Amino acid sequence: MKTSRLWLATNLMALAVAAALGSARAGEPVTLEYWVYSDFAQGDALKLQQTFIEEFKKTHPGVTINITGKGDDDLTTGEVTSAASGTLPDVFMNGVDVGATLVQAGALKNVYADWMAMPKAYRDQFSPDTIATCTPKPETMYCIPYTGFGTFMYRNLAVLKAAGIDPSAPIKDWADWLAQMQKIKAAGKFAIPDETQVWQSVAEIYSGVAGPNDWGADFAAKKTKVDPAKFALALKMLKDMKPYTSGTSRNDQATKDLFISNQLAFHIVGPWLNPTYEEAAKQSGLKYDYVLVPGATAAQHGGIKGYEFIGVAPGKNAKVAFEFAAYVTEKNQMLRWAKLLSRFNANDAAMSDPSVTSLSLMKMTKDAVDNAHFNMPPYFVGAFPACYRQTLIDKAAAVADGDLSPEDGAKDVVDSLDKCLSEG
């Protein structure tokens with residue numbers, strides 16, 4: 001009886017959402033251009049996206065949806081330039097960290113009224129904190145949270161074994177982690193990529209000692225929120241790690257190759273890399289697992305998190321475009337997305353479903369999201385100038401190379417970031 005009630009409740013909610021999305025009527029044909037990240041437009045992900053499109057079209061006669069995949073930079077550049085030329089796609093993805101740039105370009109419609117017109121049962125599938133990433137002020141909403149990520153640490157178990165490290169013993173803190181790195185180097189292996197080469201890596205280490213309010217910017221005051229004392233501790237950690245690094249960044253193909261060939265112990269990145277390592281496990285016997293990024297103390301963890309959103313362009317097709325965006329982000333679709341691809345998404349109702357929480361990678365990603373800091377907050381408020389991210393990289397590298405002390409480097413970082421924000 002309990003199962004029957006659950007089935008009935010789930011399907012009644014789905015019917016309510018379908019009814020809310022059934023406003024498009026047969027008439028003039030409508031073609032929606034739908035831009036997504038490139039990995040959404042290939043393999044199993046593309047097949048599932050096409051399934052969602054066909055399902056939507058059944059309740060929206062006359063609607064055609066063309067899906068186009070683009071790389072990260074091409075996606076943002078294309079959306080900004082097409083906004084200027086009046087050729088925006090009708091519905092599209094991007095990351096919340098570039099949301100303000102798209103708002104400034106006029107690429108995003110305020111969908112607050114559309115959102116509030118949806119059934120409460122649908123809106124309640126998303127947590128208030130998640131929705132807050134899309135709503136910079138009251139009655140202003142620029143997106144629906146779609147997919148997401150939290151970064152964590154992949155561990156090569158063969159490298160740990162060669163270094164005499166017991167993988168079953170958790171890494172307690174940064175001191176314990178550095179001790180492991182020393183053993184790994186003594187075994188002739190690399191411990192970790194160079195964490196000063198990309199800003200995300202710097203942020204992932206800093207979040208292991210800082211609180212969520214010690215990151216991001218106050219755009220009204222044009223000041224960074226980086227805490228200099230805590231950032232100095234992160235810079236010291238980056239300097240201490242330097243002798244054990246591979247010299248490659250977390251994003252380099254060479255880093256993946258080193259990990260797969262049992263030359264690299266740790267790789268901090270997101271769940272999107274797991275298929276590569278999973279395939280290597282099948283093909284070459286790679287032995288690996290994943291854990292939360294160690295923090296300065298046992299109670300802290302590093303890592304960053306963020307969401308990809310689905311947004312709607314202003315224009316004549318905005319209504320049906322929002323209906324499609326709402327359809328693909330609804331629990332039933334996000335459940336299928338999570339189970340097929342083991343990919344985290346922003347629908348809390350889907351993420352808390354037992355069929356999802358039982359998946360190892362999904363549990364790891366959710367734990368990472370629960371412990372990580374947002375990658376570049378606040379969202380949809382102000383655009384971070386390019387100098388902001390570059391400053392983090394340059395100063396972290398200078399400290400790691402011994403050109404600046406951690407304390408001087410942290411002070412320089414704060415001063416430089418404030419200058420960047422005021423001039424940017």
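The values are calculated or read from the model by the stated rules, or taken from the named source; none is laboratory data. Worth saying up front: this structure is predicted, and the values here are computed from it rather than measured. Heads up, the Cβs are rebuilt from the backbone with ideal geometry, glycines too, and the neighbour counts pull from every protein chain shown. Accessible surface areas use protein heavy atoms only, side chains included; no ligands, DNA or RNA. Shrake-Rupley method; radii C 1.70, N 1.55, O 1.52, S 1.80 Å.
Observations
- Lysine pairs meeting the criterion (Cα under 29 Å, 8 or more apart or interchain), as found in the range 96-188: 8
- Treating r as the C-beta distance of Thr87 and Asn110 and R0 as 22 Å, the FRET efficiency rounds to 0.60.
- Pairs exceeding 24 Å between alpha-carbon atoms, taken from Lys230/Lys305; Lys189/Lys305; Lys305/Lys419: Lys189/Lys305; Lys305/Lys419.
- The order of the peptides 178-190, 53-65 by mean Cβ neighbours within 10 Å, most packed first, is 178-190, 53-65.
- Note that the range 338-424 presents 41 Å² accessible area per residue, ligands and nucleic acids not counted, probe 1.4 Å.
- Spatially proximal aspartates and glutamates relative to Lys339 (Cα-Cα < 12 Å; intrachain offsets below 8 disregarded): Asp44, Asp353
- Mean accessible surface per residue for the range 67-138, computed with a 1.4 Å probe while every protein chain stays in place, in Å²: 44
- Counting only residues at least eight positions apart within a chain, or on another chain, the aspartates and glutamates with an alpha carbon under 14 Å from that of Lys223 are Asp214, Asp412, Asp415, Asp418, Glu423.
- Between Ala221, Ser127, Thr357, the Cα set farthest toward the positive side of the dipole of the chain (charges on each charged residue's Cβ, about the Cα centre) is that of Thr357.
- Given charges at Cβ of Lys, Arg, Asp, Glu: the chain dipole, positive-most of Pro294, Ala281, Val80: Ala281
- For the chain, the longest principal axis of the C-alpha atoms and the axis of helix 274-284 are separated by about 60°.
- Per principal axis, descending, Cα span of the chain in whole Å: 70, 53, 36
- The chain: antiparallel DSSP beta bridges as a percent of all, rounded to 5: 65
- Taken per residue, the accessible surface of the range 183-271 reaches 36 Å², heavy atoms only and a 1.4 Å probe.
- Shape category assigned to the range 36-157 from the gyration tensor of Cα positions, a/c cut at 1.5: rounded
- Most tightly packed first, judged by the mean number of other beta-carbon atoms within 10 Å of their residues, the peptides 88-96, 159-167 read 88-96, 159-167.
- Cβ-Cβ FRET estimate between Lys172 and Gln283, R0 fixed at 45 Å, reported to 0.05: 0.85
- Amide H within-cut-off set for Tyr288, under 5 Å, with H built and near neighbours excluded: Leu157
- Of the peptides 100-113, 72-85, 301-314, the ranking by mean beta-carbon count within 10 Å, highest at the top, reads 301-314, 100-113, 72-85.
- Note on the chain: with neighbouring protein chains present and a 1.4 Å probe, carbon and sulfur make up 53 percent of its accessible heavy-atom surface.
- FRET efficiency, 1/(1 + (r/R0)^6) with R0 30 Å, evaluated for Ala117 and Ser355 via beta carbons: 0.50
- Relative to the longest principal axis of the Cα atoms of the chain, the long axis of helix 72-85 lies at roughly 50 degrees.
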